[in-house]
1. Please work out if residue 269 is part of a loop (DSSP other than H, G, I, E, B), in contact with a strand residue (DSSP E or B) (Cβ under 6 Å, 6 or more places away or on another chain) and at pLDDT 95 or above.
2. Can you confirm whether region 257-266 contains a residue that is part of a loop (DSSP other than H, G, I, E, B) and within 24 Å of the chain's Cα centre (by Cα)?
3. Residues to consider are 144, 158, 182, 162; find the one that is modelled with pLDDT under 95, in contact with a helix residue (DSSP H, G or I) (Cβ under 6 Å, 6 or more places away or on another chain) and assigned to a helix (DSSP H, G or I).
4. Looking only at region 236-250, decide whether some residue is crowded, with 24+ Cβ neighbours inside 10 Å and more than 16 Å from residue 326 (Cα to Cα).
5. Condition first: crowded, with 22+ Cβ neighbours inside 10 Å and within 17 Å of residue 316 (Cα to Cα). Now tell me which residues in region 182-215 satisfy that.
6. Determine which member of the set 411, 419 is at pLDDT below 95 and either assigned by TED's automatic domain parsing to the domain that holds residue 319 or in a helix (DSSP H, G or I) (or both).
7. Return the residues of region 35-45 that are surrounded by 17 or more Cβ atoms within 10 Å (Cβ to Cβ) and under 18 Å from residue 92 (Cα atoms); say none if nothing qualifies.
């Protein structure tokens, strides 16, 4: 496991395999590498850039055998520093230890601690397993700096754990296996309760049961609870946990199924954000709902035109079996309302329309204005890209059914698919403040690694949810 410690020292004093610092497009590294030296190596200081300089080529004394300089560009924001340090550690590979310093001109006080925390988060999330990180600087002995780095380690562990879950092959991570993993992750920090098929049937979870009925691996619902004394709020987090999505009888193309092991990324984010909140002892009650099912075609599978009864008693006509995520989420939202949550946030790899609208790096969020805007602010603090989207009331007309209270999908008009899915979920939230985060694009990176983002599962959403819970707690 990657570890990080603080040391009150200068980077040149750290006897580590690699010493790492950051540089803007102009200027060198004072006392170690001049602007001329960096220019001779072709270093421009652009984000994601990294050069290595052997100790013999450095003007000042350096205990480590190598100095690595990472580019941060002209944007010195915490988000950019997270990505710069993440990219640097990712490119350094499986080195044994790295001594890190933040840019030399970050100032002091709260700003310096914020920069240290961002750099630490990036380094921890970009580093390979078992790398030992040491951060050096004059603020390293400060109580605020130690708290910030402790939080960075908790967050990084949560994000990395969510990534590992998303990357698990679907023959190993099915609903029961996911539930077992959640119980293990919760041990010692959270209460965990698992509902199997008899318990789901008794409690009326019609959406989760319907989606999972086509698989030989039955569905589960995991309920996680962090309930501190004197909690100021009760926030429910609901995660879509489709461990593999074939599309059901409305089967996907082979290419469309290629990355569908990631369709449980929302549940992974909820699990590990809740674990992180409990580990940090946040004074806010958090209930996490992991809605777990495998969407498969078989003689027992859900059919288009079936009418199912949801957890809240509403009848839903199934318009397309590949629109299954909203069915399990609706049951989770209904459960959160039964538990009297003050606010409900659901997160899911829900629609291809999200990717069409916002691409592979930006999530869409919609819902009650206060919760939606709070998530946008939390995402900005966390360094994740989230964009606010509307919920046009007229889209509800397309979800009318002649045989049920609602249709799950508008089959006559495919426009605004992300928003239409949000409108469907909105019906189950009632008057409770609620928001829906669609992470279909950023949850899984099929392309090349970038910044602190690896190939495969990204852990997207964990940092935003934790920041939102921290804001609520404060």
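1. no
2. yes
3. Residue meeting the stated conditions: 144.
4. Within region 236-250, one or more residues are crowded, with 24+ Cβ neighbours inside 10 Å and more than 16 Å from residue 326 (Cα to Cα).
5. 205, 206, 207, 208, 209, 210, 211, 212
6. Sole residue among the options that is at pLDDT below 95 and either assigned by TED's automatic domain parsing to the domain that holds residue 319 or in a helix (DSSP H, G or I) (or both): 411.
7. Across region 35-45, the qualifying residues are 38, 43, 45.
Residue-by-condition table, conditions (1) within 21 Å of residue 384 (Cβ to Cβ); (2) crowded, with 18+ Cβ neighbours inside 10 Å:
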residue	(1), (2)
8	no, no
14	no, yes
33	no, yes
47	yes, yes
52	no, no
81	yes, yes
84	yes, yes
90	yes, yes
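The values are calculated or read from the model by the stated rules, or taken from the named source; none is laboratory data. From a predicted model like this one, the values you see are computed outputs, not experimental measurements. Because the Cβ atoms are built from the backbone with ideal geometry, glycine has one as well, and the counts that use them run over all protein chains shown.
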